[in-house]
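Remarks on the structure that follows.
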Amino acid sequence: MASTSDTTVPARILSTLQKIVGNRHVLSSRSERLVYECDGFTLEKNTPDVVVFPRTTEEIAQIVRLCHEHGVPVLPRGAGTSLAGGGLPVGGGVLVVLTRMKDILEIHPDDRYAVVEPGCVNVWLSLALRGTGLHYAPDPSSQGACTIGGNVATNSGGPHTLKYGVTVNHVLAVEVVLADGEVVVLGSPAEDTPGLDLLGAMVGSEGTLGIVTKVWVRLTPDPQGYRTMLAIFDSVDDATTAISRIIGAGIIPAALEMMDQGIIEAVEAAFQFGFPLDAGAVLLIEVDGLEAGLDRQQQDVTQLCRDCRAREVRVAADARERMRLWKCRKEAFGAIGRLSPSYCTQDGVVPRTQLPEILRRIRETGEKYRLRIVNVFHAGDGNIHPILLFDERDSDQVDRVLRASHEILSACLELGGSVTGEHGIGVEKIGFMDQMFSSSDLEAMHALRQAFNPRGLLSPGKLLPTAGACGIEQRHPGRRAAL
Amino acid sequence: MATALETLPLRETQSIESVEALTRCLRQASAEGVPVYPIGGATSLEYGMPAREAGIGADLTPLASIVDYPARDLTLTVQAGVRWSQVQAALGEENQELPLDVPFPSQATAGGIVATAWTGPRRFGYGAVRDYVIGIEAVSGRGDVFHGGGRVVKNVAGYDFCKLLTGSMGTLGILSQITFRVRPKPERRCWLSAPVENWEVARELALRLRRAPLAAVTMGVVRGPYWKQTAWSECIESVEDLRFVLLLEGLAEEVAGSIETARHVATGWCRWHEDDEPSLVQSRLDDLAAFPGSTEPPLAIRAKTVASGAEPVAQAILAIDADASLFADLATGMVDAHFSVFPQEGLSATLVKKIQPIARHYGGHVRLLRNASGAEMTHQVVWTELGLPLQLMENVKQAFDPNNILNRGRFVW
Ligand SMILES: Cc1cc2nc3c(=O)[nH]c(=O)nc-3n(C[C@H](O)[C@H](O)[C@H](O)COP(=O)(O)OP(=O)(O)OC[C@H]3O[C@@H](n4cnc5c(N)ncnc54)[C@H](O)[C@@H]3O)c2cc1C
């Protein structure tokens, strides 16, 4: 891997890193490091000073100790699919890429847990579990690429969180390298470990409290059956009313996803599913569980959708048709490429009952900033993903995207929600932290980070506004794409 | 149930009427370095290490309102001092519930349940307390109010104080308000129960049932004299009987289908007795939930391991005390036990030497729930020696409660 080094990291540190992981697993030339200047959030970029690819916990502990001694920032990275810039090397430093630590170490079907390395790609675990009757429930849409370590760090969700919960509900323990290189295990496969739930604090901490080097995950029994439905509505309001009615009737679908007209058009152009192009919104609804209860749930859901003026409710007749319905949801992102050269996927949450209002506001924001915004999202959780279409080469458009995003997220807060349901704060949303939280909330968060990461060398510039309490100005790292 | 005055060295008790009052109380105590003991329904004050230093009791029961209950959003926000039965009653009106079952629900408070992360018999079906807390407000040992989470079911903004504070025994902050995500109530519930020959049969049956498609939310064995005085009495003929119990919950069709499946799985192993009369179903559940909170036994413990550890732990307990009463949750690996007499050899020789190693072997631990003798209340006896990252925990404690006023000396460090 190595070519000529032109990093600013002192030679002594570089050579020690090479000793720890082997020459082949250190990138120090600018051209190689450039690949790691950003993750799935491309609006801001900065190159790491060195990139290392360790294979073991012990190597990571040595790397972190070295950085600790020399005051060098360290940032863990999985697959780099974060959409909030969690993997952006703010302030440079050493980027620790975990993709070589990718093994599934143990599977215990009877006790329903597995042990994996952090670089294990989410879907690999599901594939390895085929035939055991068990699966790993968190299934982010990026599951074919993202790592379980990254999922732990961002507390990922996915289409099935409505019924099955997010990553934190499925992680039993983690092995972590702390900021000074010490290795600890938080939690246990038996759960309820006495003492503080530091595991709960670690999940979703976006790399700022430690580097996760091993994960014990809960395995969930496969449902006996599914009923997958696609309900087509004339208007977004009818679709969101149906969502409220379904939940209100005491039904908790495994998935309840919504696509609006803009997305339907794109999906239709790409895959020809036969959706009516004039439909206002489509709901993908899946109930799962024991076979015995599914027919009634399907009938109830269908009736509730009809009561809310669904134009049509299609039911997948078999596994093939189910896959086809899911395909249109899962491939929706791919289809967006047809609509515009770049897009920005936003992530916000509102109470379910506020969905009609937030979708109306998104529409207005799009009009105001002359941007096309399409929506495909986890409607059952109230987790919106407006997708803002633009051209990265046009700085005026980039600017409008940023302002429109800001307005939409502010609206989420106004409606009692959150600025992120699953992508995290990263660098992208630091500016919102003092709108969501009081200065004493932020002080408490700083205090927690301080307790784990006293010198601030682990993932600096993430999650929390810098320096003390509230109202802090956010440093924008590196250069901004097209600005 | 012992009162606060019997269990805590209180020199005064302050009635907390508002968050401001709590802030004032903690600021002053912090300045003076006086311990503060948060008190909810006073149902679990014996839990943990005994408090040794005289301090102030902070009575949170006046903070008893339901703040917000948008039923369609499936969330509920309450003040910390609200009684659990009141929470369940409010939810019941909308045909919803929190599937967290506790001893003394008409006494226990929401704050106390979250602070102890108390697990009940339906853990297998519905998960733990931490899975239901989506928003939290607390006052730190510095006297500062802070929040985590919010009122939406999905939220990853900032550190997850909901998890950090759940089970923290009030050592980082005194909880003042909590937002829960809630669930629709199941349409039908039914207990299946059957005598089983021995622990090996119980273990094997549990394994088979766990692999079968069932709407099971509780799965375990009750055993011992205690159950004679409960809604389970008719199931217990002799104290040595092992009674396998299985609670099914869900849609009517799911429960009906599960009964069939359970019959099929158990063929040749046992014959189920079926009870679905709603008040009996509930009182049996209440009795299972109440069991670990009972103040009758001289010694009560709770072990938690991976699922396969429950049976060996239960056997180890019975090897020490053949008349012990217990509930062994074979699906989640939790064993609650009452000893019939206080072990003569003492707790180090029994709990620490004989039971804890087995629990540890299965990834778990044993906690002491009640020790009538009051002797040997060491960290190792109360919580099990686990090689916890204590320094890290202390750093976190220091960050939230620098003068160590909150539940001083009662937790794992
Ligand atoms: C098309 C697409 C769809 C997506 N859909 C979803 C979705 O449905 N749900 C969802 O939640 N997210 C989704 N995401 C976002 C992203 O995939 C998730 O956040 C994912 O968990 C990131 O995993 P990763 O391995 O790529 O982590 P990275 O992007 O490499 O890192 C993410 C963060 O985690 C930290 N980190 C990584 N590994 C570790 C470790 N071992 N220890 C400590 N910290 C670590 C990094 O420092 C960074 O802060 C989507 C992204 C894309 C591009």
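The values are calculated or read from the model by the stated rules, or taken from the named source; none is laboratory data. Treat the numbers as computed from the prediction; the structure is a model and nothing was measured. Every residue, glycine as well, gets a Cβ built from its backbone with ideal geometry; the counts of neighbours run over all protein chains shown. What goes into the accessible areas is simple: the full protein's heavy atoms, side chains included, and nothing from ligands, DNA or RNA. Shrake-Rupley method; radii C 1.70, N 1.55, O 1.52, S 1.80 Å.
Listed conditions (1) surrounded by fewer than 24 Cβ atoms within 10 Å (Cβ to Cβ); (2) within 14 Å of another protein chain (Cβ to nearest Cβ) are all met by B:VAL152, apart from (1).
Is at least one residue of the stretch A:137-147 of a type in the set (Val, Ile, Thr) and within 14 Å of the ligand (Cβ to nearest atom)? Yes, the stretch A:137-147 has at least one match.
Evaluated against (1) touching a Ser or Thr at 6+ places or on another chain (Cβ under 7 Å); (2) open to solvent by 10 Å² or more (accessible area, probe 1.4 Å); (3) more than 8 Å from every other protein chain (Cβ to nearest Cβ); (4) not aliphatic (A, V, I, L, M), B:ARG122 falls short on exactly one condition, (2). Assessment of the stretch A:270-283 against the conditions (open to solvent by less than 30 Å² (accessible area, probe 1.4 Å) and part of a helix (DSSP H, G or I)) yields at least one matching residue. Every listed requirement among (1) within 14 Å of chain A (Cβ to nearest Cβ); (2) closer than 20 Å to B:VAL222 by Cα; (3) surrounded by fewer than 18 Cβ atoms within 10 Å (Cβ to Cβ) is met by B:PRO402 save one, (2).
Go through B:TRP413, B:TRP383 for me and flag whichever is within 24 Å of A:PRO189 (Cβ to Cβ) and open to solvent by 20 Å² or more (accessible area, probe 1.4 Å).
Details: B:TRP383 fails: open to solvent by 20 Å² or more (accessible area, probe 1.4 Å).
On inspection, the qualifying residue turns out to be B:TRP413.
When you look at A:PRO118, is it over 25 Å from A:VAL52 (Cβ atoms), within 13 Å of the ligand (Cβ to nearest atom) and open to solvent by less than 10 Å² (accessible area, probe 1.4 Å), yes or no? Spelling it out, it is not the case that A:PRO118 is over 25 Å from A:VAL52 (Cβ atoms), within 13 Å of the ligand (Cβ to nearest atom) and open to solvent by less than 10 Å² (accessible area, probe 1.4 Å). Among the residues of the stretch A:410-435, the one identified as open to solvent by 30 Å² or more (accessible area, probe 1.4 Å), within 9 Å of chain B (Cβ to nearest Cβ) and either modelled with pLDDT under 95 or within 20 Å of A:SER141 (Cβ to Cβ) (or both) is A:HIS423.
Within the stretch A:76-92, not a single residue is within 14 Å of the ligand (Cβ to nearest atom), surrounded by fewer than 19 Cβ atoms within 10 Å (Cβ to Cβ) and either within 14 Å of another protein chain (Cβ to nearest Cβ) or part of a helix (DSSP H, G or I) (or both).
Given the structure, is A:ARG449 outside any helix (DSSP H, G or I) and open to solvent by 20 Å² or more (accessible area, probe 1.4 Å)? Give the derivation first.
On the way: outside any helix (DSSP H, G or I): no; open to solvent by 20 Å² or more (accessible area, probe 1.4 Å): yes.
Spelling it out, it is not the case that A:ARG449 is outside any helix (DSSP H, G or I) and open to solvent by 20 Å² or more (accessible area, probe 1.4 Å).
Run down B:ALA310, B:ALA300 and say which single residue is among the small types (Gly, Ala, Ser), within 14 Å of chain A (Cβ to nearest Cβ) and buried (at least 18 other Cβ atoms within 10 Å of the Cβ). Even if it seems obvious, please write down each step before you answer.
Numbers: B:ALA300 fails: within 14 Å of chain A (Cβ to nearest Cβ).
Sole residue among the options that is among the small types (Gly, Ala, Ser), within 14 Å of chain A (Cβ to nearest Cβ) and buried (at least 18 other Cβ atoms within 10 Å of the Cβ): B:ALA310.
Tell me yes or no: at least one residue of the stretch A:288-301 is more than 14 Å from every other protein chain (Cβ to nearest Cβ) and either touching a residue at least 40 places away in the same chain (Cβ under 8 Å) or β-branched (Val, Ile, Thr) (or both). Within the stretch A:288-301, not a single residue is more than 14 Å from every other protein chain (Cβ to nearest Cβ) and either touching a residue at least 40 places away in the same chain (Cβ under 8 Å) or β-branched (Val, Ile, Thr) (or both). In the set B:GLY120, B:GLY92, only one residue is assigned to a helix (DSSP H, G or I) and not hydroxyl-bearing (Ser, Thr, Tyr); that residue is B:GLY92. Return yes or no: is A:LEU95 assigned to a strand (DSSP E or B), within 12 Å of the ligand (Cβ to nearest atom) and in contact with a Ser or Thr (Cβ under 7 Å, 6 or more places away or on another chain)? Criteria not met by A:LEU95. Among the numbered conditions (1) more than 14 Å from every other protein chain (Cβ to nearest Cβ); (2) open to solvent by 20 Å² or more (accessible area, probe 1.4 Å); (3) in a helix (DSSP H, G or I), the only one that A:VAL267 does not meet is (2). Checking the stated criteria, B:ARG271 turns out not to satisfy the condition of being of a type in the set (Lys, Arg), within 14 Å of chain A (Cβ to nearest Cβ) and open to solvent by 10 Å² or more (accessible area, probe 1.4 Å). On inspection, A:GLN354 does not qualify as in a helix (DSSP H, G or I), surrounded by fewer than 17 Cβ atoms within 10 Å (Cβ to Cβ) and of a type in the set (S, T, N, Q). When every residue of the stretch A:98-111 is checked against the conditions, none turns out to be within 15 Å of the ligand (Cβ to nearest atom), closer than 19 Å to A:VAL176 by Cα, within 14 Å of another protein chain (Cβ to nearest Cβ) and touching a helix residue (DSSP H, G or I) at 6+ places or on another chain (Cβ under 8 Å). Quick test of your reading of the structure: A:ALA128 fulfils all but one of (1) at pLDDT below 95; (2) of a type in the set (Gly, Ala, Ser); (3) not in a loop (DSSP other than H, G, I, E, B). Name the failing condition by number. Going through the list (1) at pLDDT below 95; (2) of a type in the set (Gly, Ala, Ser); (3) not in a loop (DSSP other than H, G, I, E, B), A:ALA128 breaks only (1).
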